[in-house]
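A short worksheet on the structure shown next.
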Amino acid sequence: MKIKFWGARGSIPVSGKKYLKYGGSTTCVEVRSRKNGLIIIDAGSGIRLLGKELLKKAHHEFTMLFTHSHWDHVLGFPFFAPIYSNKTHIKIMGCSFSSDPVREIIAKTMQPPGFPVKFEEISARFEFATMCVAGCEIEGLHVLPIELSHPNNALGYKFTEGGRSFAFLTDNELGFIHPGGKEFGDYAAFARGSDLLVHDADYTPAEYERRRTWGHSTWEQTLDLALKAEVRALGLFHHNQDRYDSELDRILAECSRRIRRAGSRLKCFAVREGQEIKL
């Protein structure tokens, strides 16, 4: 399994010299099976460059999964170049257990007057399906969903292939249970033993005091989850739009100190835009 992060920022894209190390694009993740089956998670602003790469490599068939329909996870869709090619065939699966048609998640990003091209006018062929609560095989990977604790509902996913697993839980508030969300122990059980856990770490503990119920976790809560779930590696994700590279470096240094004190072998890093990982 290969994983590439095309965007790791939360809430809104950012740019500038203080964001060069970890990047400023919002959520988009590429997951490939050993047979090169492709799953794209979310269509944040990071999906624009991924689209250019797919056209260059003539990769025309793939599946898209959505965690939820908040703006920073879908705003890149109209700028995803493959949707304008009639060679492209995309299977899109739902982002929540709600009754809303999954088609609406992306069609709304192209509604006038917000965008000049309507969804009905693009050339790609689409297939829409609901995500099976019990999990299913997608592009050669076993994919298991879990409901996240986030306003308006969201899904996290665990991808498994050949005994290796990747748990992706962005936009998940570990300190508060939103309607449809689960308890801390449920997320620990879901991620237990994963080779890689990537989890929302938007806030510092001080920030969280003012933003409780907003749908995001602190780096401290996320580290605690990773230690309790005994995962092999933790990627801090959904970096706050105001979090500079230097601040993320300091957070990582503190995580490393706590991991050493706990006597754990956990590897911890902050996800960088463009970063690739092979499991």
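The values are calculated or read from the model by the stated rules, or taken from the named source; none is laboratory data. From a predicted model like this one, the values you see are computed outputs, not experimental measurements. Neighbour counts are summed over all protein chains in view; Cβ atoms, including those assigned to glycine, are modelled from backbone coordinates with ideal geometry.
General observations
- Exactly one residue out of Q241, Q221 is over 23 Å from G163 (Cβ atoms), touching a Gly at 6+ places or on another chain (Cβ under 9 Å), part of a helix (DSSP H, G or I) and of a type outside the set (G, A, S): that is Q221.
- Within the stretch 83-109, the residues that satisfy the criterion of being more than 20 Å from the chain's Cα centre (by Cα) and modelled with pLDDT of 95 or more are I83, Y84, S85, N86, K87, T88, H89.
- Residues in the stretch 59-72 that are in a loop (DSSP other than H, G, I, E, B), in contact (Cβ under 8 Å) with a residue 24 or more places away in the chain and not polar (S, T, N, Q) were compared, and the one that is farthest from H89 (Cα to Cα) is H70.
- The set of residues in the stretch 243-279 being on the phi > 0 side of the Ramachandran plot and either β-branched (V, I, T) or touching a Phe, Trp or Tyr at 6+ places or on another chain (Cβ under 8 Å) (or both) consists of G274 alone.
- Residue satisfying all of: in the stretch 224-238; part of a helix (DSSP H, G or I) and more than 20 Å from the chain's Cα centre (by Cα); surrounded by the fewest Cβ atoms within 10 Å (Cβ to Cβ) among these: K228
- The criterion of at least 1 residues that are loosely packed, with under 15 Cβ neighbours inside 10 Å, among the aliphatic types (A, V, I, L, M) and in contact (Cβ under 8 Å) with a residue 24 or more places away in the chain is met, among strands (runs of 3 or more DSSP E) falling completely within the stretch 125-213, by 125-129.
- Within the stretch 237-279, being touching a helix residue (DSSP H, G or I) at 6+ places or on another chain (Cβ under 6 Å) and under 22 Å from T67 (Cα atoms) holds for one residue alone: A270.
- Among all residues of the stretch 251-258, there is none that is assigned to a loop (DSSP other than H, G, I, E, B), β-branched (V, I, T), at pLDDT 95 or above and surrounded by 16 or more Cβ atoms within 10 Å (Cβ to Cβ).
- Set V133, V102: member being β-branched (V, I, T) and touching a strand residue (DSSP E or B) at 6+ places or on another chain (Cβ under 6 Å): V102
- Of the criteria (1) touching a strand residue (DSSP E or B) at 6+ places or on another chain (Cβ under 9 Å); (2) closer than 21 Å to R243 by Cβ; (3) surrounded by fewer than 18 Cβ atoms within 10 Å (Cβ to Cβ), which one A8 fails: (3)
- Among the residues here, V74 does not qualify as among the aliphatic types (A, V, I, L, M) and out of contact with any helix residue (DSSP H, G or I) (no Cβ under 7 Å at 6 or more places or on another chain).
- Considering the conditions (1) over 25 Å from L38 (Cα atoms); (2) touching a Ser or Thr at 6+ places or on another chain (Cβ under 9 Å), E209 is excluded by exactly one of them, (2).
- Out of L141, L54, one residue alone is at pLDDT 95 or above, over 14 Å from the mean Cα position of the chain (by Cα) and within 16 Å of F5 (Cα to Cα). It is L54.
- Number of the condition not met by Y84 [criteria: (1) within 22 Å of I138 (Cα to Cα); (2) without any contact (Cβ under 8 Å) to a residue 60 or more places away in the chain; (3) among the aromatic types (F, W, Y)]: (1)
- Residues in the stretch 23-38 that are crowded, with 24+ Cβ neighbours inside 10 Å and within 17 Å of F168 (Cα to Cα): T26, T27, C28, V29, V31.
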